[in-house]
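A.B. asks: Dumping the structure here so I can ask a few things about it.
Just so you know, all these numbers are worked out from the coordinates, no wet-lab data involved. These figures come from a predicted structure and were not determined experimentally. Backbone-built Cβ (ideal geometry, glycine too); neighbour counts: all protein chains shown.
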Amino acid sequence: IQRTFSIIKPDATKRNLTGAIVAKFEEAGLRVIASKRIQMTLAQAQVFYGVHKDRPFFGELCDFMISEPVVVQVLEGENAIAKNREIMGATNPADAAPGTIRAEFALSVGENSVHGSDAPETAAAEIAYFFSGLELVG
Ligand code: GTP
Ligand code: MG
């Protein structure tokens, strides 16, 4: 059993797609063991996406992430990290496989509806950044 960190991004919360996206997680066998709706601050977004700080889209990405509330969640299940990446689909919705969250809901490579951790180390760090251990109810 593995845990991964997910964000339902501003383009999705704004269009009332939170439930539809959670349904995709649950249909795939991932369990939501923590969930909260937050307004991210610019400082939080900059630290969270720090790995991309030298990329040309960094400013746009951080501005987008604070443009509306987001829903941060911890998902648990067999191979949760890879499974979630599979359900999310490719970063650019134009490349995302049919039936994936990004194929169905994303608007563009930037406004792509969801974030999901890409490795066990990043999952652990991202979960700890937004949740205390007491908030994880497996
Ligand atoms: P995350 O789960 O959000 O980390 O997506 P990812 O792992 O599929 O993509 P990556 O880590 O490479 O990029 C992080 C995020 O930056 C993406 O999800 C997009 O929201 C944004 N992003 C990536 N490339 C571009 C781009 O070319 N333009 C813009 N505006 N945003 C981008
Ligand atoms: Mg990434």
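A.B. asks: If I7 satisfies every condition in (1) touching a strand residue (DSSP E or B) at 6+ places or on another chain (Cβ under 9 Å); (2) under 17 Å from R85 (Cα atoms); (3) away from ligand 1 (no atom under 16 Å from the Cβ); (4) not acidic (D, E) but one, which is the exception?
C.D. replies: (3)
A.B. asks: Now for a separate question. Residues that are of a type in the set (V, I, T) and loosely packed, with under 13 Cβ neighbours inside 10 Å, at least 1 per element: which helices (runs of 4 or more DSSP H) completely within the range 26-106 meet that? Full working, then the answer.
C.D. replies: On the way: elements: 42-48, 58-65, 80-88, 101-105.
Answer list for the range 26-106: 42-48.
A.B. asks: Further, regarding this structure: Give me the residue from the range 103-119 that is under 23 Å from A45 (Cβ atoms) and over 11 Å from the mean Cα position of the chain (by Cα) and, out of that set, nearest to ligand 1 (Cβ to nearest atom). Talk me through it step by step, then tell me what you get.
C.D. replies: Initial filter on the range 103-119 (under 23 Å from A45 (Cβ atoms)): 105-119.
From what is left, the residues that are over 11 Å from the mean Cα position of the chain (by Cα) are 105-111, 119.
Working: F105: 13, A106: 9, L107: 10, S108: 7, V109: 5, G110: 3, E111: 7, A119: 10 Å.
The qualifying residue nearest to ligand 1 (Cβ to nearest atom) is G110.
A.B. asks: While we're looking at this one, here's another question. Which residue out of I38, I127, I81 is within 14 Å of ligand 2 (Cβ to nearest atom) and closer than 20 Å to T4 by Cα?
C.D. replies: Of the residues listed, the single one that is within 14 Å of ligand 2 (Cβ to nearest atom) and closer than 20 Å to T4 by Cα is I81.
A.B. asks: Using the structure shown, decide if R55 is in contact with a strand residue (DSSP E or B) (Cβ under 6 Å, 6 or more places away or on another chain), more than 20 Å from S132 (Cα to Cα) and not hydrophobic (A, V, I, L, M, F, W, C).
C.D. replies: Against the criterion (in contact with a strand residue (DSSP E or B) (Cβ under 6 Å, 6 or more places away or on another chain), more than 20 Å from S132 (Cα to Cα) and not hydrophobic (A, V, I, L, M, F, W, C)), R55 does not qualify.
A.B. asks: In addition: Just to be sure, is G77 more than 9 Å from ligand 1 (Cβ to nearest atom) and either among the acidic types (D, E) or touching a residue at least 40 places away in the same chain (Cβ under 8 Å) (or both)?
C.D. replies: Against the criterion (more than 9 Å from ligand 1 (Cβ to nearest atom) and either among the acidic types (D, E) or touching a residue at least 40 places away in the same chain (Cβ under 8 Å) (or both)), G77 qualifies.
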